[in-house]
Amino acid sequence: QEQLVESGGGLVQAGGSLRLSCAASGGAFRGAFNTYAMGWFRQAPGKEREFTAAISWSGVGTYYADSVKGRFTISRDDAKNTVYLQMNSLKPEDTGVYYCAADHGVPASGTYSNPFDYDYWGQGTQVTVSS
């Protein structure tokens, strides 16, 4: 019954901006969304899924892949059970399916970039950046 639903994807030109949203629902998140670390991963056609950004359960710690640092910003609104990814200065290489994921507590691996640490995943939203 737990769900993560991404939205906000679409087609944009290089240099443009887009904001992705991920809404959590279900018993595991009810009254406890703020106990989950949240992450964004992306997957380009023919490539492996890669870490993009993450935010700690407290919202204090944020983490970014080097490729998006300075351009993307992750945030969360626990009152709305939602995590966001603000993407600015988009490049064609940012194209891919973006997935939202939730990890209860602190990642066991000691890093937020390991997809195996995450317990729940959304179905993804397509982001296409044209040249």
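General observations
- Rounded to the nearest Hz, the phi-derived 3J(HN,Hα) couplings of the stretch 82-95 under the Karplus curve 6.51 cos²θ - 1.76 cosθ + 1.60 (θ = phi - 60°) are 9, 10, 10, 9, 8, 10, 10, 6, 5, 10, x, 6, 7, 4, where x marks glycine and proline.
- Sequence-distant contacts, meaning Cα pairs under 8 Å at least 6 residues apart, place the relative contact order of the chain at 35 percent.
- Between the residues G9, G61, Y36, the greatest Cα displacement towards the positive end of the dipole of the stretch 1-88, with unit charges on the Cβ of Lys, Arg, Asp and Glu, is found for G9.
- Between R49 and D78, the FRET efficiency estimated from the beta carbon spacing at R0 = 25 angstrom works out to 0.45.
- Near-label residues of the stretch 6-50 by backbone N, under 12 Å of a point 7 Å along Cα→Cβ of Q86: 18-20
- Rounded FRET efficiency, nearest 0.05, which uses the C-beta distance separating K69 from E2 and R0 of 35 Å: 0.70
- Whole-Hz couplings from phi, Karplus 6.51/-1.76/1.60, listed for the stretch 97-104; x for Gly and Pro: 8, 9, 10, 9, 9, 10, 10, 6
- Heavy-atom accessible surface of the chain: percent carbon and sulfur, 1.4 Å: 48
- Accessible area, probe 1.4 Å, largest first, for residues R76, R42, R30, R19: R30, R19, R76, R42
- Per-selection metrics, the chain (Cα): Rg and Dmax in Å: 13.8, 43
- If you take all other residues with their beta carbon under 15 Å from the beta carbon of A28, and give Lys and Arg +1 and Asp and Glu -1, the sum is -3.
- Taking a ≥ b ≥ c as the square roots of the eigenvalues of the alpha-carbon gyration tensor, the stretch 32-73 is classed oblate because a/c is 1.5 or more while a/b is no larger than b/c.
- Here the dipole of the chain is about 300 debye; that uses its Cα centre as origin and unit charges on the Cβ of Lys and Arg (positive) and Asp and Glu (negative).
- Set of aspartates and glutamates with alpha-carbon distance to K69 below 17 Å, sequence-local pairs under 8 removed: E50, E93, D94
The values are calculated or read from the model by the stated rules, or taken from the named source; none is laboratory data. Computed from a prediction, not measured in an experiment: that's the story for all the values here. Here the Cβ is made from the backbone with ideal geometry for all residues, glycine too, and neighbour counts use every protein chain on show. Side chains are part of the model used for accessible areas, which takes the heavy atoms of the whole protein and leaves out ligands, DNA and RNA. Shrake-Rupley method; radii C 1.70, N 1.55, O 1.52, S 1.80 Å.
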